[in-house]
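As structure tokens, the structure follows; a few thoughts come after it.
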Amino acid sequence: MTEIIVALDVDTLERAEGLLKALKGVVCWYKVGLQLFTAHGRAAADLVRRHGGKLFLDLKLHDIPQTVQHAVQEAHKLGADSVSLHLLGGADMVAAAAAVSPRPQLWGVTVLTSLGPKDVQVLHPSARVPDMIESLAALGRGNGADATICSPQDVAELRRRLPGLSLKFVTPGIRPAGANLNDQNRVTTPGQAAALGIDYVVIGRPITHAKDPRQAAQDILAEMRAATAKATEAK
Ligand code: C5P
């Protein structure tokens with residue numbers, strides 16, 4: 001069953017706590033990303049833990065292997081259940097992170113969805129985004145990453161290109177039908193994500209900016225449950 005991770009993209013601990021209280025018992029996972037972590041560091045992680053939430057530390061680590069390994073050790077000490085890293089950091093970096101024990105789950109970013117052909121062609125004139133996503137997902141899986149972070153619209157293609165490679169998926173870019181797209185272009189509905197068997201959907205504004213965040217999360221969960229049941233029936 002697909003799980004929701006609510007993105008705590010807010011600037012104060014008070015706002016984060018308001019969301020944690022509103023969503024208690026409905027949502028289990030919370031993402032602390034660059035904004036909240038830069039502003040409040042350990043206090044933001046502690047807040048999520050204190051409210052019984054699971055913590056996804058979305059810091060997109062990318063450095064030499066030893067530095068990333070040490071950061072993963074510290075993420076474990078902070079109580080993170082998962083931490084993100086850029087697979088572009090290379091096989092040795094991912095393997096060094098995966099060697100930490102015990103450690104949070106490692107969720108690897110392939111190619112940021114904000115990057116296009118002109119950006120990847122800086123690396124090589126013949127570089128293509130879909131090929132890079134494929135080879136980076138394979139690199140992550142082959143070196144101990146536990147999941148791939150990508151667009152939901154890349155999931156089917158990745159499964160087709162990498163048959164036999166068991167991949168867990170974490171995807172942002174989710175919008176219920178009719179919701180404000182904000183700055184997201186290629187969106188997928190919660191129902192479509194669930195039908196695809198995506199493991200975790202990262203959702204921010206459709207929940208955090210809703211008049212009633214708890215009701216918004218419950219509606220999304222109901223849509224995902226119905227889609228999972230339908231997909232299971234169809235098998
Ligand atoms: O508010 P919204 O649902 O668009 O938030 C999505 C979350 O996922 C944000 O925290 C954003 O940083 C993150 N994200 C994204 N698109 C990506 C990667 C991460 O929206 N390609």
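Could you figure out which of (1) surrounded by fewer than 17 Cβ atoms within 10 Å (Cβ to Cβ); (2) modelled with pLDDT under 95 isn't true of Thr113?
(1)
What tally of residues in the range 181-235 results from selecting those that are more than 13 Å from the ligand (Cβ to nearest atom), open to solvent by less than 20 Å² (accessible area, probe 1.4 Å) and closer than 19 Å to Leu158 by Cα?
Of the residues in the range 181-235, 2 are more than 13 Å from the ligand (Cβ to nearest atom), open to solvent by less than 20 Å² (accessible area, probe 1.4 Å) and closer than 19 Å to Leu158 by Cα.
Quick check on the range 85-99. Is at least one of its residues within 21 Å of the chain's Cα centre (by Cα), modelled with pLDDT of 95 or more, within 16 Å of the ligand (Cβ to nearest atom) and among the β-branched types (Val, Ile, Thr)?
No: the range 85-99 contains no residue that is within 21 Å of the chain's Cα centre (by Cα), modelled with pLDDT of 95 or more, within 16 Å of the ligand (Cβ to nearest atom) and among the β-branched types (Val, Ile, Thr).
List the residue pairs whose Cβ atoms are under 6 Å apart, where the first residue sits in the range 113-130 and is touching a residue at least 40 places away in the same chain (Cβ under 8 Å), the second is surrounded by 10 or more Cβ atoms within 10 Å (Cβ to Cβ) and not in a helix (DSSP H, G or I), and the two are 6 or more positions apart or on different chains.
Thr113/Ser151
Which residue out of Met1, Met93 is part of a loop (DSSP other than H, G, I, E, B) and of a type in the set (A, V, I, L, M)?
When all the criteria are applied, what remains is Met1.
Just to verify a result, which residue in the range 121-180, among those that are open to solvent by 20 Å² or more (accessible area, probe 1.4 Å) and at positive phi, is nearest to the ligand (Cβ to nearest atom)?
Ranking the qualifying residues of the range 121-180, first place goes to Gly178.
How many residues does the range 26-57 contain that are open to solvent by 40 Å² or more (accessible area, probe 1.4 Å) and in contact (Cβ under 8 Å) with a residue 60 or more places away in the chain?
Counting residues in the range 26-57 that are open to solvent by 40 Å² or more (accessible area, probe 1.4 Å) and in contact (Cβ under 8 Å) with a residue 60 or more places away in the chain gives 0.
Determine which member of the set Leu85, Leu23, Leu19 is touching a residue at least 40 places away in the same chain (Cβ under 8 Å), open to solvent by less than 30 Å² (accessible area, probe 1.4 Å), in contact with a Ser or Thr (Cβ under 8 Å, 6 or more places away or on another chain) and not polar (S, T, N, Q).
Going through Leu85, Leu23, Leu19 in turn, the sole match is Leu19.
Per-residue answers, yes or no, for (1) outside any strand (DSSP E or B); (2) among the β-branched types (Val, Ile, Thr):
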{"residue": "Asp9", "(1), (2)": "yes, no"}
{"residue": "Arg15", "(1), (2)": "yes, no"}
{"residue": "Ala44", "(1), (2)": "yes, no"}
{"residue": "Leu57", "(1), (2)": "no, no"}
{"residue": "Asp63", "(1), (2)": "yes, no"}
{"residue": "Gln66", "(1), (2)": "yes, no"}
{"residue": "Val72", "(1), (2)": "yes, yes"}
{"residue": "His76", "(1), (2)": "yes, no"}
{"residue": "Leu85", "(1), (2)": "no, no"}
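The values are calculated or read from the model by the stated rules, or taken from the named source; none is laboratory data. The model shown is predicted, which means the values in this text are computed figures rather than measured ones. Positions of Cβ are backbone-derived with ideal geometry, glycine not excepted, and every protein chain shown enters the neighbour counts. Ligands, DNA and RNA are excluded from the accessible area calculation, which covers all protein heavy atoms including side chains. Shrake-Rupley method; radii C 1.70, N 1.55, O 1.52, S 1.80 Å.
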